[in-house]
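Since the structure comes first, as structure tokens, the remarks are kept for the end.
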Amino acid sequence: MKVINIFPRSSFRVNIDSDTIWGSIIWALKHIYSEREFNEILEAFIFKTPPFIISSFLPSKKDKEKIIYFLPKPNIRLYTDGIDSSKLKDYKKVKFIPSNDFFLITKSKEDQINYISTEDWKKSKVDFKTEQIQHNTIDRLKGGTLEGNLFYTTEVFYGNNYGLYLLLDGDNTDLAINALRFLSINGIGGDANIGKGHFSFVVDDCNFIPEVKDPNCFMNLSLYYPTKDELLSFKEYIEIFNYELYSKKGKTGRYFNFANVWKERITFFKEGSIFPLMEKSYYGRCIKVKQDGNLNIYSNGFAFPLKFYLGR
């Protein structure tokens, strides 16, 4: 497994999820490789044999000479015995926790209660600056602004001590790394063509996620669209299966010239959702979200599983 440390060189329009990253990587690969090679790569994803899987962008923080990697707060059952209600309320607002804390609070009921009660989660928290940026609507026919037609976008700014990271795994991670080199120059996400979403990055071996003996479940680190057999299996393990849904209606992006830019709406399992393990190499699949003549557009629904043992 590889960790891609992302160093933003500009603000990002929104937090970048795995589907957006994958779509950008696929388009970059179309520029880098021949048509035959590109089609082989895309077909591997469509037929559920992905050459690599990716997480969403996740936050990191530089603390002196080390990097603290944050994980989504796991969507596990909360034991509230003896916990002050105000502390519990504040904890429920937390979105990310340090990776070391993740393996602590999933170990046992007692460890989780102690972690919340002592407010250890307040010692290391993510603190990005988010701003609403005002824009004018452009009249594309006359070439000017439309009076009174204002809209706002949310942009995320990263200070000197904060960054992002991406987890990457699979048999051919070099494909994604080559694409990221292309994207670091051209940008990723909304408004990349006007300077947003530009970055540099460094590739390292991932050493902050330990190999767990006898795991019984996994937490997803990407947007995940399960197959039918996976979903039926998950429903048999109610004590483990715990999730949050995320509905997304994406656009085709700046590389396509469709009259209708909208893709079909897709509902994913959100990062931090918990699932029982199955004997599978990969979870999830690609989904066709738009068709225009002979051109099919896909979204990425492959899970990036973090395996662990959930104590109860």
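A few remarks follow.
- Of the peptides 234-244, 105-115, 212-222, the order by per-residue mean of other Cβ atoms within 10 Å, starting with the highest, comes out as 212-222, 105-115, 234-244.
- Between the beta carbons of LEU78 and ASP169, assuming R0 = 22 Å, the FRET efficiency works out to 0.15 to the nearest 0.05.
- Paramagnetic reach from SER117 in the range 64-81 [backbone N under 13 Å; point 7 Å along Cα→Cβ]: 79-81
- Working from label points 7 Å from Cα in the Cα-to-Cβ sense, the ILE32 to ASP90 distance is 4.4 nm.
- A simple packing score, the average count of other Cβ atoms within 10 Å per residue, orders the peptides 76-82, 306-312, 268-274 as 268-274, 306-312, 76-82, with the highest score first.
- Restricting the range 15-86 to GluC sites (Glu not before Pro) that sit in a DSSP loop and have at most 15 other Cβ atoms within 10 Å of their own Cβ leaves GLU65.
- Cross-link reach list, lysines versus LYS307, counting only Cα pairs under 22 Å and skipping chain neighbours closer than eight places: LYS2, LYS48, LYS73, LYS95, LYS107, LYS109, LYS213, LYS228, LYS235, LYS270, LYS280
- Span from the the range 49-116 Cα centroid across to the the range 200-228 one, whole angstrom: 14
- FRET efficiency for VAL126 and VAL202, using Cβ-Cβ distance with R0 set to 25 Å, rounded to 0.05: 0.80
All of the numbers you see were taken from the coordinates with simple rules; none came from a lab. Bear in mind the structure is a predicted one, so any value in this text is a computation, not a measurement. Don't worry about glycine lacking a Cβ; one is built from the backbone with ideal geometry, like all the others, and counts go over all protein chains shown.
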